[in-house]
Amino acid sequence: MGSRVMPQGAQDISDPFIERHLVIDTSKVNRNAERGGFTNREQNGVTDQVSSPRRSEIVNRSLSAVKSFGNDDIDLEGGDVEKDRDKTIRGSRIVKVRNQAVLSGLAYCISSCSMILINKFVLSSYNFNAGISLMLYQNLVSVIIVSILSLSGVISTEPLTWRLIRVWLPVNFIFVGMLITSMFSLKYINVAMVTVLKNVTNVITALGEMYLFKKHHENRVWAALFLMIVSAISGGITDLSFHAVGYSWQIINCFLTASYSLTLRRVMDTAKQVTKSGNLNEFSMVLLNNTLSLPLGVLLIFVFNEVDYLSTTPLLRMPMFWLVITASGFLGLAISFTSMWFLHETGATTYSLVGSLNKIPLSVAGILLFNVPTSLQNFASILFGLLAGVFFAKAKMREKSQS
């Protein structure tokens, strides 16, 4: 999958569409909402006492002439024209903001859903047995694109110094392990069950926060986590396409994803201190994570003996296959852009809720597109798990608002 940046406000860090996002502090994200830029016109009052109706009429007419000369937009009867114009401007700006929010939300949902589906397509439909190589190629595409954008001045990134690399390496090892286990599990498990099983990551993360950071959660949060566990167990029991190897990889992925989130919180402050600007923006983290993953990915290709497979598979001689995996690299990076755009236009609360709701159409699409055999019990377990994820997101929002 391509590299992404996950805002910390999006509480569901196990989201399969944004599992490669980096956790950042959304309290520092400044949402510059558009506000109406209207100028308040102050009218000077007449302090002279008018002794007669005739003088009063002359003064009023003079003031009306001056106002008319200074501002043709003001209606002499009561400013109706100006009020109508202000209402039109205000209404158009509100519509513009709402359109931007809807557009960014759709872009984020489409890119995130497409990413997981295209990975499933490559690994299952093409029967591509080199998940590490796929991860490596996608990350290489991300590095190339971000580097080009940085050199052209479109975005700004921090230089990758040795001090920064040494600080970041422990996080990157977990990051690569998280991506590889995700690829391995997705090859054997259908999209809907992967989505439900990833909810276990939230449970592990909550426990880690409690023991490592002494953070206490509300009863609603624990209730949602309990429902997630129930749905994962019932979904696995009723899964007609159950695969023990795939489920094992997915459980490992849940632990690695939770470890990534918890470790990153400790490393982030140190990493910022060793940068030249004292800050580490999202694009810098995307470039850093994906660049460091390349040599480690090459090493793992030899360790897992994917070189022999790559040298014999006919897939690498198919132009369409290269087009598909290149598109997956672009989609991975697109999630970085669309998630930041969506977060800017709305906020962490909406971002988190939409991320949870986005799992529902993804799961349905995964079942229909890949002809997954299912039963009523399994489908009910999947739906139950997805709704538990939405309940969890809302509980975390409530907990955050009260803290």
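The values are calculated or read from the model by the stated rules, or taken from the named source; none is laboratory data. Keep in mind that what you see is a predicted model, and the values were worked out from it rather than measured. Glycine gets a Cβ as well: all are built from the backbone with ideal geometry, and neighbour counts include every protein chain shown.
For the stretch 99-116, how many residues meet the condition of being of a type in the set (A, V, I, L, M, F, W, C) and either surrounded by fewer than 19 Cβ atoms within 10 Å (Cβ to Cβ) or over 22 Å from the mean Cα position of the chain (by Cα) (or both)? Steps first, answer last, please.
In the first step, residues of the stretch 99-116 are kept if they are of a type in the set (A, V, I, L, M, F, W, C); the result is 101-103, 106-107, 109-110, 113, 115-116.
Among the residues that remain, those that are also either surrounded by fewer than 19 Cβ atoms within 10 Å (Cβ to Cβ) or over 22 Å from the mean Cα position of the chain (by Cα) (or both) are: 101-103, 106-107, 110.
The total comes to 6.
Which one is farthest from Thr195 (Cα to Cα), of the residues in the stretch 339-360 that are among the aromatic types (Phe, Trp, Tyr) and surrounded by 21 or more Cβ atoms within 10 Å (Cβ to Cβ)? Explain how you work it out, then say what you get.
Looking only at the stretch 339-360, we keep the residues that are among the aromatic types (Phe, Trp, Tyr), and these are 341-342, 351.
Right, trim to surrounded by 21 or more Cβ atoms within 10 Å (Cβ to Cβ) and you get 342, 351.
Details: Phe342: 22, Tyr351: 18 Å.
Within the stretch 339-360, the match that is farthest from Thr195 (Cα to Cα) is Phe342.
Results for (1) modelled with pLDDT of 90 or more; (2) closer than 25 Å to Thr205 by Cα, shown as yes or no for each residue.
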{"position": "Ile335", "(1), (2)": "no, yes"}
{"position": "His344", "(1), (2)": "no, no"}
{"position": "Tyr351", "(1), (2)": "no, yes"}
{"position": "Asn358", "(1), (2)": "no, yes"}
{"position": "Ser363", "(1), (2)": "yes, yes"}
{"position": "Ile367", "(1), (2)": "yes, no"}
{"position": "Thr374", "(1), (2)": "no, no"}
{"position": "Arg398", "(1), (2)": "no, yes"}
{"position": "Gln402", "(1), (2)": "no, yes"}
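Restrict the check to the stretch 227-245 and report whether at least one residue is within 15 Å of Thr205 (Cα to Cα) and crowded, with 23+ Cβ neighbours inside 10 Å. Outline the logic, then answer.
The first filter runs over the stretch 227-245 and keeps only residues within 15 Å of Thr205 (Cα to Cα), leaving 228-229.
Okay, now just the ones that are also crowded, with 23+ Cβ neighbours inside 10 Å, so 228.
Taking every residue of the stretch 227-245 in turn, at least one turns out to be within 15 Å of Thr205 (Cα to Cα) and crowded, with 23+ Cβ neighbours inside 10 Å.
Give the residues of the stretch 189-228 that are out of contact with any Gly (no Cβ under 9 Å at 6 or more places or on another chain), of a type outside the set (Ser, Thr, Tyr), in a helix (DSSP H, G or I) and more than 17 Å from Ile252 (Cβ to Cβ), sorted by residue number. Across the stretch 189-228, the qualifying residues are Ala206, Glu209, Met210, Leu212, Asn219, Arg220, Val221, Trp222, Ala223, Leu225, Phe226.
Each residue in the stretch 311-325 was checked for being surrounded by 14 or more Cβ atoms within 10 Å (Cβ to Cβ) and either under 30 Å from Thr161 (Cβ atoms) or over 23 Å from the mean Cα position of the chain (by Cα) (or both), and 4 pass. For the stretch 241-270, name all the residues that are closer than 25 Å to Asn281 by Cβ and β-branched (Val, Ile, Thr). Matches in the stretch 241-270: Thr257, Thr263, Val267, Thr270. Residue count for the stretch 260-318 satisfying the condition of being within 22 Å of Pro170 (Cβ to Cβ), polar (S, T, N, Q) and not in a helix (DSSP H, G or I): 3. Evaluated against (1) touching a residue at least 60 places away in the same chain (Cβ under 8 Å); (2) under 27 Å from the mean Cα position of the chain (by Cα), Phe304 falls short on exactly one condition, (2).
Which residue, of Ser328, Ser336, Ser363, Ser375, is within 30 Å of Thr238 (Cβ to Cβ), crowded, with 21+ Cβ neighbours inside 10 Å and of a type in the set (Ser, Thr, Tyr)?
Details: Ser328 fails: within 30 Å of Thr238 (Cβ to Cβ); Ser336 fails: within 30 Å of Thr238 (Cβ to Cβ); Ser375 fails: crowded, with 21+ Cβ neighbours inside 10 Å.
Sole residue among the options that is within 30 Å of Thr238 (Cβ to Cβ), crowded, with 21+ Cβ neighbours inside 10 Å and of a type in the set (Ser, Thr, Tyr): Ser363.
Criterion applied to Leu164, Leu179, Leu149, Leu136 was being surrounded by 15 or more Cβ atoms within 10 Å (Cβ to Cβ), modelled with pLDDT of 95 or more and in a helix (DSSP H, G or I), and the one residue passing it is Leu136.
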